[in-house]
Amino acid sequence: MSGAGQTNASGGFRQLHGLGVACGLAAGVWLGAAEAPTKLVNSGLSPFAISLCMVAGVFAARWTVPTLLKGTRYVFADLKENKHLIFTAILAGMLWAVANTLTVFAIRDVGLTIAFPLWNTNALVGILWGSLLFGELKGASSKNIAKVLLGALAILVAAVMLGFSTIHGGGAHTGRAVQGVLAAAGASLLWGTMYIPYRKAYISGMNPLSFVTVFTIGELGTVLALVLALDGGTKAAIFHSPETKHLLFWLFLGGFAWVIGDLFQQYAAKYLGIGRGIPLSNTNQMWGLAWGVLVFGEMAHADLAHKLLVAVGSLVMILGALAISTAVATEGENARTKQALLRECDRYGLKYDRVLRSYSGVEGGNRDERRGWWDYAIVAAALGVFAYLGMNARAPELGMNMTWLWVLAAVLAVTAVGCGWGLWKATRFS
């Protein structure tokens, strides 16, 4: 590659900071919405069954979205070029699946508003791993280090405030409080560790769309194994009970929303690093609360003190996100990132110029992005599954404000279209 091209790729680090910030914030919007279907944990389904249904929806979406955006020819060419990362992606999916199952236990035992901020400490775990393994924040200015660390802490503190804002009166979950807290803490540790494979994939030049395609195999295989081993095996209610049929659509829908959010989170982790990208995506707590309060009326009878916690917590979270958003990496930090890229290239025999271009959002090679008939078959099959489940669905027996539901749905659509268009224009989803 020419010297000019290499300079452009290096300069892309700074140019793509804003795009990474947008992806992190968009991830928060979608990941927050994805938690709404977990309210069905009170429907009688076991946490294992809830997780399996959501991951089945994730599986359908994670094969469909990359197929729509790039085509399977592109995805498999990228996997062939980065075959050393296939097991890494599967391992990440396994960690995600176990963590997701733990969150369902946590929601059941201590409630969503307590569990959410506890497992969102994964951002601090991610910052630690990013610094130790990938040199993130090393070489950064003291001002940027302060912005990232204080911003992440502010988001965590705000998450706790927002969580406590929705606690009114009695402790319906106190009988299993310890188990719930431990489940949420375990999810935090696993999710924080899961970001190691994320980052490793992207400093090796892998496309996020290819990564999540393999990632989902680890997810689905793991939750299926958990159901078979710990939830009754082939006799588990999820496989036989007709009472669960009307719930599947909503859980699949939650899994689909999670995929959109996670894809944006993947791009944030690629272009910002896990130390910046993950705290931004953890603003999902604020959006999860918005769904709970505005759509499900969770604070209809809250007193002034709880409403004040919401206002102050939201403001603190916005300030934390603003601090991280303005912490643009300096040349010293970018130099450490390039060292991490070079280390991966030496370890696996990769071409540094190609990896640098890919990491900087520059599409490399002449990969075939034409769609084959099987691409359309994949999309049609996924749509068919959602249509079938939708025809058998019943509205959950929950009071909902339909006006706010449509407002928040519109926010989801605008966020996805706007951020997706930005990714296409700047990187062609590279």
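Within region 286-294, can one find any residue that is of a type in the set (A, V, I, L, M), out of contact with any helix residue (DSSP H, G or I) (no Cβ under 7 Å at 6 or more places or on another chain) and surrounded by fewer than 19 Cβ atoms within 10 Å (Cβ to Cβ)? Among the residues of region 286-294, not one is of a type in the set (A, V, I, L, M), out of contact with any helix residue (DSSP H, G or I) (no Cβ under 7 Å at 6 or more places or on another chain) and surrounded by fewer than 19 Cβ atoms within 10 Å (Cβ to Cβ), which makes the answer no.
Scanning region 90-99 for residues that are part of a helix (DSSP H, G or I) and at pLDDT below 80 turns up nothing. Only one of the listed residues (300, 329) is out of contact with any Cys (no Cβ under 9 Å at 6 or more places or on another chain) and free of Cβ contacts under 8 Å to residues at least 40 places away in the same chain. That residue is 300.
Screening residue 394 against (1) touching a Gly at 6+ places or on another chain (Cβ under 9 Å); (2) farther than 30 Å from residue 356 by Cα; (3) part of a loop (DSSP other than H, G, I, E, B) leaves a single unmet condition, (1). Entry remark, region 66-89: residues being of a type outside the set (D, E, K, R) and not in a helix (DSSP H, G or I) number 2 in total. Picking from residues in region 405-430 that are surrounded by 16 or more Cβ atoms within 10 Å (Cβ to Cβ) and either in contact with a Cys (Cβ under 6 Å, 6 or more places away or on another chain) or modelled with pLDDT of 90 or more (or both), the one that is farthest from residue 209 (Cα to Cα) is 408. With the condition kept exactly as written, say whether any residue in region 332-345 is crowded, with 17+ Cβ neighbours inside 10 Å, at negative phi, in contact (Cβ under 8 Å) with a residue 12 or more places away in the chain and part of a loop (DSSP other than H, G, I, E, B). No, region 332-345 contains no residue that is crowded, with 17+ Cβ neighbours inside 10 Å, at negative phi, in contact (Cβ under 8 Å) with a residue 12 or more places away in the chain and part of a loop (DSSP other than H, G, I, E, B).
Considering region 116-154, the residues that are among the β-branched types (Val, Ile, Thr) and more than 20 Å from residue 197 (Cα to Cα) include one that is surrounded by the most Cβ atoms within 10 Å (Cβ to Cβ), namely 148.
Taking region 256-326 and the helices (runs of 4 or more DSSP H) fully enclosed by it, the elements with 2 or more residues that are over 23 Å from the mean Cα position of the chain (by Cα) and more than 19 Å from residue 122 (Cα to Cα) are at 304-325.
The values are calculated or read from the model by the stated rules, or taken from the named source; none is laboratory data. Every value quoted in this text rests on a predicted model; they were computed, and no experiment measured them. Don't worry about glycine lacking a Cβ; one is built from the backbone with ideal geometry, like all the others, and counts go over all protein chains shown.
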